[in-house]
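> Next up is a structure, given as structure tokens.
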């Protein structure tokens, strides 16, 4: 089934791209409608190359062109204006509230994301309730890698 879908969806697009000089697309972004949104596009199998699509290129799915455009536009705005890049990245507080265990990998995740975004991570004792409150009130983008609790 995944080979058939690759043949129907990806192969014609690759052939068209070759005609206009694009031989190896590095990114595929799909905008499926209806039941097509259930397709695992990254797992489409190229029988000729003997590879999954994700092994050949980055694969993304967007709900619509408008949503994709908004993502690119917001990224452009953030790149253009550092004032819009107010990002707060925090996780793995010490001590963890409610007698919860530390989350394995949460601190590593926070540090890696902060490095990618070029911001200071808030982990361990720097991830206090007050630091999180301030971060939430001043930031446009927030990542919290911690336990969630519903009250």
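> For residue 69, work out the one condition from (1) within 16 Å of the chain's Cα centre (by Cα); (2) under 29 Å from residue 136 (Cβ atoms); (3) surrounded by 15 or more Cβ atoms within 10 Å (Cβ to Cβ) it doesn't fulfil.
Condition not satisfied by residue 69: (3).
> Within segment 15-30, which residues are farther than 16 Å from residue 59 by Cβ and either not assigned by TED's automatic domain parsing to the domain that holds residue 53 or not in a loop (DSSP other than H, G, I, E, B) (or both)?
Within segment 15-30, 15, 16, 18, 19 meet the criteria.
> Would you please name the residue that is farthest from residue 64 (Cα to Cα), looking only at residues in segment 23-39 that are touching a helix residue (DSSP H, G or I) at 6+ places or on another chain (Cβ under 9 Å) and surrounded by 12 or more Cβ atoms within 10 Å (Cβ to Cβ)?
Among those residues, the one meeting the criterion is 25.
> Next up: Which count do you get for residues in segment 31-40 that are outside any loop (DSSP other than H, G, I, E, B) and either at positive phi or in contact (Cβ under 8 Å) with a residue 24 or more places away in the chain (or both)?
2
A quick yes/no check of all residues on (1) within 16 Å of the chain's Cα centre (by Cα); (2) without any contact (Cβ under 8 Å) to a residue 12 or more places away in the chain:
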| site | (1), (2) |
| --- | --- |
| 49 | no, yes |
| 55 | no, yes |
| 58 | yes, no |
| 86 | no, no |
| 104 | no, yes |
| 118 | no, yes |
| 121 | no, no |
| 130 | no, yes |
| 133 | no, yes |
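> Can you report the number of residues in segment 56-81 which are in a helix (DSSP H, G or I) and either at pLDDT 85 or above or out of contact with any helix residue (DSSP H, G or I) (no Cβ under 7 Å at 6 or more places or on another chain) (or both)?
Matching residues across segment 56-81 total 15.
The values are calculated or read from the model by the stated rules, or taken from the named source; none is laboratory data. These numbers come from a predicted model, not from an experiment. We place every Cβ from the backbone using ideal geometry, glycine too, and count neighbours over all the protein chains shown.
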